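The block underneath contains the structure these notes are about, expressed in structure tokens.
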Amino acid sequence: MCCFGVIVRVLMKLFPKKFLWVMFMEENEQRDYLQGLAVEADSHQRRAQDIQNQMQALQMAEMEMEKTSEALKNLKGNQATMFSLGSGMFIGGELKSVDKILVNVGANTMMEMDVEGALKFIEDRKKEISDAKEDLIKGMQALAARLKDIDNEARRIMGSRGPGSAGIGGA
């Protein structure tokens, strides 16, 4: 190994951040490294899209819970109403009593609750959703920071190659 190779290895150990030693890479190593950065960026962008989808699902669940909460607060006995049969089908009926409500508490397990208990259950679920949204936001911020780092690193490498150098695909 030549003296230059030894120096590069020492620098890599002293400065583990890749952008500090990347200027010592050969052009084909830089191209390979840039391609690796592009793959990593693409992976992070797909994860960011997944997070956005999860965020939308949580927001929809939150809105549905808010509607359910309002409906529970407005329940009255001896009231004509429509009951869902599922699949967008309803049947008319009369609500005789609002003393007990069946609540799906998870894994299709039903539990009988009074209105106040059901409202508390909804509030607890809304808190869980809020916490999950905060975690997703933190994850999105971390992805955005890493994508920015990747962009800066790629720009530095491209800048160090000088004018007229071939791009990632080579020339």
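Here r is the Cβ-Cβ distance between Thr81 and Glu123 and R0 is 25 Å; the resulting FRET efficiency, rounded to 0.05, is 0.60.
Beyond 27 Å in Cα-Cα separation lie the following of the pairs Lys100/Lys133; Lys73/Lys126; Lys96/Lys120; Lys127/Lys148: Lys100/Lys133; Lys127/Lys148. For segment 33-171, what class follows from the C-alpha gyration tensor (a ≥ b ≥ c being the square roots of its eigenvalues): rounded when a/c is under 1.5, otherwise prolate if a/b is larger than b/c, else oblate? Prolate is the answer for segment 33-171, as a/c is 1.5 or above and a/b outweighs b/c.
What is segment 58-109 by shape, rounded, prolate or oblate, if you read a ≥ b ≥ c off the alpha carbon gyration tensor as root eigenvalues and call it rounded for a/c under 1.5, prolate for a/b larger than b/c, and oblate otherwise? It comes out prolate by the Cα gyration axes.
Net charge of the neighbourhood of Glu64, taken over other residues with C-beta under 13 Å away and scored Lys/Arg +1, Asp/Glu -1, is 0.
Any read-out appearing in this document is the output of simple, stated calculations on the displayed coordinates, not a laboratory observation. Nothing here was measured: the structure is a model prediction, and the numbers come from that model. Cβ: placed from backbone, ideal geometry, glycine included. Neighbour counts: every protein chain shown.
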